[in-house]
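Student: For reference, the structure I am asking about is given below.
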Amino acid sequence: MLNDDANPVLDAHTAQSDSIETLVVGAGVVGLACARALAEAGQEVLVVEKNSQFGEETSARNSEVVHAGIYYPKGSLKARFCVAGRQMLYAYCAERGIACDAIGKLVVACDEAETAMLAGIQDKARQNGVDDIRLLTKGEAQALEPALTCTAALLSPSTGIVDSHGFMLALLGDMEACGGFLALEAPLIWAKQRPEGGFDCLVGGPHPMRLHAKRLVNAAGLNALPLSNHIAAKRAALRPVATFAKGNYFRISGRSPFSRLIYPVPVKGGLGVHLTVDRQGACRFGPDAQFLELRVEPQQASAEPPQDAPDWLNFDYTVDPRRADSFYAAVRRYWPDLEDGALEPDYSGMRPKLDPASMPPSDYHTPSGADFVIQGPDQHQVPGLVELFGIESPGLTSSLAIAQHVRDLLTA
């Protein structure tokens, strides 16, 4: 899973030197949202991105769903930021004319055991402040979606879909309007905490730079922990072990038989093989959860700049058509009319999954999954540093709320 491309030898002494107030690493939706929030707070911001375009990894390979905040433990970062972020996202997109529609979602039960689970899901949603969710009988659900087969369902009216690229483009424009900059093909290679404050940073790519940054935000998504292993700083907080799950999507031709999103009750490791509707009225199914053997452990960074650029994680996003076999059985539980051979490979995405056993005991780090981990100076005792780990779903929905939190950590 590592990038096998040849790494250029870095000359840290001849790289152009400069300084910046705040360096944000990663131009996915969360990195851009953080950069926008910090730029609007008056900070001089530079975003560095190793790819040739912004938002090419997790931010471009997801379901584009605006989550309501139903499933997460009360008080967790996922619950808090999803509920607040959803409200902020709808308002932001409405103000800027970005496609973002609350088309609604049905969480469907397909047997009596699953029906009994719906009350617990509804109660958890209400604890999180999602007050519009309601329980539907089989007949009520099928009146909304005639193609649906179920025993009961929950209706979440505030769940929706968003144009994630348009959203990121607007975030970038806001940041640039406040004087911020984006540098593409510019991976952060190494950073070191300075005794007097700030960080010495080495940025690679076609135009290497040595930077002195007063503040450093690690929003590198899938590469957040590998990057953290190249930031030389004495942290007081425990960093997590990173694992990864590939999510494969399949599509059908023609228009969707449903007007809303259709989700099964949650399963371990994810939300099950669900049906999402895109802005053109077509539908896709997924993601499944294909867990990889790859694990990234926290390591101590070198106190000196490397001679070679690190190998960043580089995943194979090919969708194996054979994985459709398991999709048919999962989808037919709620849509039995799915025809043989109808599913076609669409795309895949990668989700950063933290190992709960690598984190301190918490109500929010359970055997079935870990909460977002956002470590600022109060946690790791490194002034000016914020690191974000395990920002998977509902990261897109939560992005504006996460950004507000990061801004507060660095402007307190």
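Student: Among the residues of segment 15-25, is there at least one that is part of a loop (DSSP other than H, G, I, E, B) and either within 19 Å of Phe389 (Cα to Cα) or under 17 Å from the mean Cα position of the chain (by Cα) (or both)?
Tutor: No, because not a single residue in segment 15-25 is part of a loop (DSSP other than H, G, I, E, B) and either within 19 Å of Phe389 (Cα to Cα) or under 17 Å from the mean Cα position of the chain (by Cα) (or both).
Student: Going by the structure shown, is Glu49 over 19 Å from Ile161 (Cα atoms) and surrounded by 21 or more Cβ atoms within 10 Å (Cβ to Cβ)?
Tutor: yes
Student: Output the qualifying pairs, or none if there are none: Cβ atoms under 7 angstrom, residues six or more apart or on different chains, first residue in segment 192-214 and under 17 Å from Ser302 (Cα atoms) and in a strand (DSSP E or B), second residue of a type in the set (A, V, I, L, M, F, W, C) and at pLDDT below 95.
Tutor: That search, which allows pairs on different chains as well, returns Lys192/Ala303; Leu202/Leu10; Leu202/Ala12; Leu202/Ala15; Val203/Met209; Arg210/Ala12; Arg210/Ala15.
Student: Return yes or no: is Val265 more than 20 Å from the chain's Cα centre (by Cα) and in contact (Cβ under 8 Å) with a residue 40 or more places away in the chain?
Tutor: Against the criterion (more than 20 Å from the chain's Cα centre (by Cα) and in contact (Cβ under 8 Å) with a residue 40 or more places away in the chain), Val265 qualifies.
Student: Moving on. Among the residues of segment 314-343, which ones are at pLDDT below 95 and over 30 Å from Phe258 (Cβ atoms)?
Tutor: Asn314
Student: Of the residues Gly281, Gly247, only one is over 30 Å from Lys192 (Cβ atoms), in a loop (DSSP other than H, G, I, E, B) and not hydrophobic (A, V, I, L, M, F, W, C); which?
Tutor: Gly281 is the lone residue from the list that is over 30 Å from Lys192 (Cβ atoms), in a loop (DSSP other than H, G, I, E, B) and not hydrophobic (A, V, I, L, M, F, W, C).
Student: Among the residues of segment 98-110, is there at least one that is over 17 Å from Ile133 (Cβ atoms), assigned to a loop (DSSP other than H, G, I, E, B), touching a Ser or Thr at 6+ places or on another chain (Cβ under 8 Å) and modelled with pLDDT of 95 or more? Walk me through how you get there before you give the answer.
Tutor: We begin by selecting, within segment 98-110, every residue over 17 Å from Ile133 (Cβ atoms); these are 98-101, 110.
With assigned to a loop (DSSP other than H, G, I, E, B) added as a condition, the list becomes 98-99, 110.
So of that shortlist, the ones also touching a Ser or Thr at 6+ places or on another chain (Cβ under 8 Å) come out as 110.
Then keep just the ones that are modelled with pLDDT of 95 or more; that gives 110.
So far as segment 98-110 goes, yes, one or more of its residues are over 17 Å from Ile133 (Cβ atoms), assigned to a loop (DSSP other than H, G, I, E, B), touching a Ser or Thr at 6+ places or on another chain (Cβ under 8 Å) and modelled with pLDDT of 95 or more.
Student: Related question: Within segment 284-331, how many residues are surrounded by fewer than 19 Cβ atoms within 10 Å (Cβ to Cβ), part of a strand (DSSP E or B), of a type outside the set (S, T, N, Q) and under 23 Å from the mean Cα position of the chain (by Cα)?
Tutor: The qualifying residues number 5.
Student: I would also like to ask the following. Can you spot a residue in segment 292-309 that is charged (D, E, K, R), touching a residue at least 12 places away in the same chain (Cβ under 8 Å) and farther than 22 Å from Pro226 by Cβ?
Tutor: Checked against the condition, which is being charged (D, E, K, R), touching a residue at least 12 places away in the same chain (Cβ under 8 Å) and farther than 22 Å from Pro226 by Cβ, segment 292-309 yields no hits at all.
Student: Hey, any hits in segment 130-139 for a residue that's among the acidic types (Asp, Glu), surrounded by 15 or more Cβ atoms within 10 Å (Cβ to Cβ) and in a loop (DSSP other than H, G, I, E, B)?
Tutor: no
The values are calculated or read from the model by the stated rules, or taken from the named source; none is laboratory data. Nothing here was measured: the structure is a model prediction, and the numbers come from that model. Please note: Cβ atoms are built from the backbone with ideal geometry, for glycine as well, and neighbour counts cover all protein chains shown.
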